[in-house]
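**Q** Mind looking over this structure? Questions follow.
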Amino acid sequence: MSTISSEPRVNLKTVTSDVSAAMRALHLSAADAAARAGVPAALLELVRLRVSQINGCEFCIDLHARDARTGGESEQRLAALSGWSESPLFDAREKAALALAEAITLVHDGRVPDGVYRAAAGEFDEQALAALIWVSTVINSYNRIAISTRMVPAAQPSTTTSS
């Protein structure tokens, strides 16, 4: 049974603009902390995209895939992201960050395992590790907002060509 409907949903930015602004500020603070800790913006986009894939957030998948492409991410790595743990396209640092983000996202499956945390702590210092936890937490929250309010990706210009 499908839970998708076309019924209008509340616009949180309009109805609770103060809370939406606070959420945006949290997002920016987490991204700033990551930048200060030396976590590459490209890695943050991979984390956001992977978390959004797990949560099935169409809006955020579209947004972060576009942002990753704009940031120079290859189509090959984007296509391989769902299988990152088996892919040679991702290095140990990226794999540690993605494993941590997945464990945070799937916390109901057994919390964040010590091995996952240790692997991330072996690749990132405390500042970067804290920033990755915040970024993962924020994107999980945004996914839940977008899913519950049925946000849809913005229409993209047609890329069809005539023959």
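The values are calculated or read from the model by the stated rules, or taken from the named source; none is laboratory data. Note that the structure is a prediction, hence the values are computed from the model and not measured. Because the Cβ atoms are built from the backbone with ideal geometry, glycine has one as well, and the counts that use them run over all protein chains shown. In case anyone asks, the SASA skips ligands and DNA or RNA and just uses the protein heavy atoms, side chains included. Shrake-Rupley method; radii C 1.70, N 1.55, O 1.52, S 1.80 Å.
**Q** Being among the small types (G, A, S), in contact with a Pro (Cβ under 9 Å, 6 or more places away or on another chain) and open to solvent by less than 30 Å² (accessible area, probe 1.4 Å) narrows it down to one residue among A128, A37, A103; which is it? Explain how you work it out, then say what you get.
**A** Details: A128 fails: in contact with a Pro (Cβ under 9 Å, 6 or more places away or on another chain); A37 fails: in contact with a Pro (Cβ under 9 Å, 6 or more places away or on another chain).
Just a single option satisfies the conditions, and that option is A103.
**Q** Which residues, taken from segment 34-72, are part of a helix (DSSP H, G or I) and β-branched (V, I, T)? Step through it out loud before you land on a result.
**A** The initial filter retains those residues of segment 34-72 that are part of a helix (DSSP H, G or I), namely 34-36, 41-55, 58-70.
Within segment 34-72, V47, V51, I54, I61, T70 meet the criteria.
**Q** Residues of segment 73-84 being out of contact with any Ser or Thr (no Cβ under 9 Å at 6 or more places or on another chain) and either part of a helix (DSSP H, G or I) or open to solvent by 60 Å² or more (accessible area, probe 1.4 Å) (or both), which ones? Give the steps one after another, and end with the answer.
**A** Filtering segment 73-84 for residues out of contact with any Ser or Thr (no Cβ under 9 Å at 6 or more places or on another chain) gives 73-76, 78-79, 82-84.
Once the filter is applied, which keeps residues that are out of contact with any Ser or Thr (no Cβ under 9 Å at 6 or more places or on another chain) and either part of a helix (DSSP H, G or I) or open to solvent by 60 Å² or more (accessible area, probe 1.4 Å) (or both), segment 73-84 yields E75, Q76, L78, A79, S82, G83, W84.
**Q** Shifting gears a bit: Check whether at least one residue in segment 13-33 is crowded, with 19+ Cβ neighbours inside 10 Å, part of a helix (DSSP H, G or I) and at pLDDT 95 or above, and report yes or no.
**A** Looking only at segment 13-33, we keep the residues that are crowded, with 19+ Cβ neighbours inside 10 Å, and these are 30.
Of the ones still in play, those that are also part of a helix (DSSP H, G or I) are 30.
Add one more test, that the residue is at pLDDT 95 or above, and what stays is 30.
Within segment 13-33 (the criterion being crowded, with 19+ Cβ neighbours inside 10 Å, part of a helix (DSSP H, G or I) and at pLDDT 95 or above), the answer is yes, since at least one residue qualifies.
**Q** Please find, within segment 96-118, the residue that is nearest to R77 (Cα to Cα) out of those that are in a helix (DSSP H, G or I) and touching a residue at least 24 places away in the same chain (Cβ under 8 Å). Walk me through how you get there before you give the answer.
**A** Residues of segment 96-118 that are in a helix (DSSP H, G or I), as a first pass: 96-105, 107-109, 114-118.
Those left that are additionally touching a residue at least 24 places away in the same chain (Cβ under 8 Å): 96-98, 100-102, 104-105.
Values: A96: 16, A97: 15, L98: 13, L100: 19, A101: 17, E102: 17, I104: 22, T105: 21 Å.
This residue is L98.
**Q** Looking at the structure I just gave you, is T137 among the hydroxyl-bearing types (S, T, Y) and open to solvent by 30 Å² or more (accessible area, probe 1.4 Å)? Don't jump to the end; show me each part of the working.
**A** On the way: among the hydroxyl-bearing types (S, T, Y): yes; open to solvent by 30 Å² or more (accessible area, probe 1.4 Å): yes.
Answer is yes for this residue.
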